[in-house]
1. Show that you can apply the helix-only estimate: for the chain, add -39,500 (n - 2.57) for every DSSP H stretch of four or more residues, divide by all residues, and state [θ] at 222 nm to the nearest 500.
2. Return the lysines within reach of residue 40: Cα separation strictly under 17 angstrom, same-chain partners fewer than 8 residues apart disregarded; answer none if there are no such residues.
3. Taking the Cα centre of the chain as the origin, how large is its charge dipole in debye, to the nearest 20, when only Lys and Arg (+1) and Asp and Glu (-1) carry charge on their Cβ atoms?
4. Any idea which of 46, 28, 5 is furthest toward the positive side of the dipole for the chain, if Lys and Arg beta-carbons carry +1 and Asp and Glu beta-carbons -1?
5. First measure r as the distance between the Cβ atoms of residue 2 and residue 52, then evaluate 1/(1 + (r/R0)^6) with R0 = 25 Å and state the FRET efficiency to the nearest 0.05.
6. Report the gain in length on full extension from residue 19 to residue 41: 0.36 nm times residue separation, minus Cα-Cα distance, nm rounded to one decimal.
7. In whole Hz, with x marking every Gly and Pro, tabulate ³J(HN,Hα) for region 8-18 from phi via Karplus 6.51 cos²θ - 1.76 cosθ + 1.60, θ = phi - 60°.
8. Compute the projected area of the convex hull of the Cα atoms of the chain, averaged over all viewing directions, and report it in nm² to one decimal place.
Amino acid sequence: LYAEAFDAAGKLDKLEGFASDFGADFYGLPRNADKITLIKRGWQPPASYPMADGKLVPMRAGETVAWELAA
């Protein structure tokens, strides 16, 4: 969802700092060295995920989300 917002604002170049660096810097914590890759490809979150005590309904279930985490 953050990627969609930053993309709509034309500020994708600012997403990494927002998502990865600024919080750690503010709290004086080390930055995480791990990386992820996002792909701009529409997908739909499932209606729900089974849980031990019921089910979890993800935000925007059944809607198209523009960005996907690469496998």
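Read-outs throughout are calculated quantities, based only on the coordinates presented, and are distinct from any laboratory measurement. In this text the structure is predicted, and so the values were computed from the model without any measurement. No Cβ is skipped: glycine too gets one built from the backbone with ideal geometry, and neighbour counts run over all protein chains shown.
1. That comes out to -4500 deg cm²/dmol.
2. Reachable lysines: 11, 14.
3. 120
4. Most positive-ward Cα: 46.
5. E between residue 2 and residue 52, to the nearest 0.05, is 0.30.
6. Taking 0.36 nm per residue and subtracting the Cα distance, the gain is 6.0 nm.
7. Coupling constants for region 8-18: 4, 8, x, 10, 4, 5, 9, 5, 4, x, 4 Hz.
8. 6.6
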